[in-house]
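The values are calculated or read from the model by the stated rules, or taken from the named source; none is laboratory data. Computed from a predicted structure; not experimentally measured. Here the Cβ positions follow ideal geometry from the backbone for every residue, glycine too, while neighbour counts run over all protein chains shown.
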Amino acid sequence: MNINIRLMTAGDRDAVLTMMRDFYDSDALLTTPADDVLVNDFAECTGDSPYATGYIIEADGEIAGFGMAAHSYSTEFGGRCLWLEDLYFKPEYRGRGLGTAYFKFIESEYADKVAVIRLEVEHDNEGAIRNYTRNGYTELPYLEMVRPCRGQEI
């Protein structure tokens, strides 16, 4: 299988929004955002935002999934932080090494630019946890807390 990872473009809008809706409607997340939130996320990833970058993962020339990365700073780790916000693969592409390819791509792009790469995962998402562990990620024993703004709901 030929795997290609590239930046998201405006032309990917319909494919990405369909995958985002599937991702956010799944058990992998606690919240189900409104469509306007997803549209805004896509715009952030494909516009000139310094905070978000979107990636398309292709297998044999077909869109197989997407990833989104958020850029921030970590005082704990003393440098820039890359949050892997979303990672989604269409069901027919899961378990075929695309996740590992994505992590290798992210490391090649960012390992010398950031102090730490972070991600979140639901405690009961055992398949994702196995994949992340295989790719060098370890659990931090933090309780994450959030305070919604701008009318967001949890």
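Considering only residues of segment 42-59 that are within 14 Å of the chain's Cα centre (by Cα) and surrounded by fewer than 18 Cβ atoms within 10 Å (Cβ to Cβ), which is nearest to H71 (Cα to Cα)? Across segment 42-59, the extreme among qualifying residues is Y51.
Pick out the one residue from E107, E139, E120 that is touching a strand residue (DSSP E or B) at 6+ places or on another chain (Cβ under 9 Å) and more than 25 Å from R21 (Cβ to Cβ). Let's see the steps before the verdict.
Working: E139 fails: touching a strand residue (DSSP E or B) at 6+ places or on another chain (Cβ under 9 Å); E120 fails: more than 25 Å from R21 (Cβ to Cβ).
Within the list E107, E139, E120, the selection yields E107.
The single condition among (1) in contact with an Asp or Glu (Cβ under 9 Å, 6 or more places away or on another chain); (2) modelled with pLDDT of 95 or more that F23 does not satisfy is (2).
Filter segment 5-41 down to the residues that are in a strand (DSSP E or B) and surrounded by 15 or more Cβ atoms within 10 Å (Cβ to Cβ) and list them by number. The answer is I5, and nothing else.
For segment 132-154, the candidate set comprises residues that are assigned to a helix (DSSP H, G or I) and not polar (S, T, N, Q); within that set, the residue that is farthest from E85 (Cα to Cα) is R134. When restricted to residues that are in contact (Cβ under 8 Å) with a residue 24 or more places away in the chain and in a loop (DSSP other than H, G, I, E, B), segment 108-120 contains 4. Considering segment 60-74, and only residues there that are hydrophobic (A, V, I, L, M, F, W, C) and within 13 Å of the chain's Cα centre (by Cα), the residue that is surrounded by the fewest Cβ atoms within 10 Å (Cβ to Cβ) turns out to be A70.
Checking the condition in contact with a Cys (Cβ under 8 Å, 6 or more places away or on another chain) and without any contact (Cβ under 8 Å) to a residue 24 or more places away in the chain, which residue from S49, S72 passes?
Details: S49 fails: in contact with a Cys (Cβ under 8 Å, 6 or more places away or on another chain).
Going through S49, S72 in turn, the sole match is S72.
For segment 70-86, enumerate the residues that are modelled with pLDDT of 95 or more and under 15 Å from T53 (Cα atoms). Those that are modelled with pLDDT of 95 or more and under 15 Å from T53 (Cα atoms): A70, H71, S72, R80, C81, L82, W83, L84. The residue list F77, F105 contains one member that is over 11 Å from the mean Cα position of the chain (by Cα) and part of a loop (DSSP other than H, G, I, E, B), which is F77.
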